[in-house]
Amino acid sequence: MNLITVSGPPSCGKTSVILKAIEAFQQKGLHVGVVKFDCLYTDDDLLYQKAGIPVKSGLSGSLCPDHYFVSNIEEVVQWGRSQGLDLLITESAGLCNRCSPYLRQIHSICVIDNLSGINTPKKIGPMLKSADMVVITKGDIVSQAEREVFSSKVQMANPKAIILHVNGLTGQGAYELSTLLYREEENIETVQGMELRYPMPSALCSYCLGEKRVGEEFQLGNVRKINLEEQTACANKN
């Protein structure tokens, strides 16, 4: 079984891209399944069910969806193998820009859309910078010049990644994407012992444990404070 991780910011078009790519996989006779990770609510699993795709979903609730993903990925892999899948795709929640949802030996895709802002690739951390492939969506809404500039910004943020434009509505580019993802020789039996490409966001403070009161006396654990004095000094120099 092949395993692919797909991540990206909220509402960038991850599900649409995956559905179009699966159509191309099915034309090749491959049995594909999806596991959707989300935070509070998802109905994307209904879209996969409607397309006849084996699907499971998990909600992280109050937990970081990235940590939830890593805590459950082994069980997800075993589910995929029990279903006799040729390819299992895990779709993350719309993650924050610091998230790191990739494993070293697993093919990783970051989906990002042209409407997110010209400097957005600079603002996204390991989710974009450590991906094997970056899929850019919603290119039909912007001009050719804007597409090219945005692609160059993505390439600067991750020079090693393959960049591909996919239209989630028409499916343009989805076949090309499918040809780059599936590897016949690959067989993932377990992810036990594999490593993350980048450490998870670190946070263990009083607010993580349910504290609601604001103020320094209620802040314990891993707390980082903004240095306002240093910024004021720099501003005065300028």
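The values are calculated or read from the model by the stated rules, or taken from the named source; none is laboratory data. Being a predicted model, the structure only gives us computed values, none of them experimental. Backbone-built Cβ (ideal geometry, glycine too); neighbour counts: all protein chains shown.
Figures for the structure shown
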item: Set 189, 217, 148, 211: member being loosely packed, with under 13 Cβ neighbours inside 10 Å and part of a loop (DSSP other than H, G, I, E, B); result: 189
item: Yes/no for residue 35 being more than 22 Å from residue 137 (Cβ to Cβ) and either in contact with an Asp or Glu (Cβ under 7 Å, 6 or more places away or on another chain) or without any contact (Cβ under 8 Å) to a residue 60 or more places away in the chain (or both); result: no
item: Any chance residue 84 is over 19 Å from residue 135 (Cβ atoms), in the same structural domain as residue 11 (by TED's automatic domain parsing) and buried (at least 24 other Cβ atoms within 10 Å of the Cβ); result: no
item: Breaking point among (1) surrounded by fewer than 19 Cβ atoms within 10 Å (Cβ to Cβ); (2) in contact with a helix residue (DSSP H, G or I) (Cβ under 9 Å, 6 or more places away or on another chain); (3) polar (S, T, N, Q), for residue 90; result: (1)
item: Selected residue (criterion: surrounded by the most Cβ atoms within 10 Å (Cβ to Cβ)) from residues of the stretch 93-144 that are touching a His at 6+ places or on another chain (Cβ under 9 Å) and of a type outside the set (Asp, Glu); result: 135
item: Test: residue in the stretch 194-203 that is surrounded by 15 or more Cβ atoms within 10 Å (Cβ to Cβ), modelled with pLDDT of 90 or more and touching a helix residue (DSSP H, G or I) at 6+ places or on another chain (Cβ under 8 Å); result: yes
item: Count - residues of the stretch 1-60 that are among the polar types (S, T, N, Q) and under 13 Å from the mean Cα position of the chain (by Cα); result: 4
item: Residue check, residue 175 modelled with pLDDT under 90 and of a type outside the set (Lys, Arg); result: no
item: Scan of the stretch 107-132 for residues that are within 15 Å of the chain's Cα centre (by Cα) and within 21 Å of residue 20 (Cα to Cα), ordered by number; result: 107, 108, 109, 110, 111, 112, 113, 131, 132
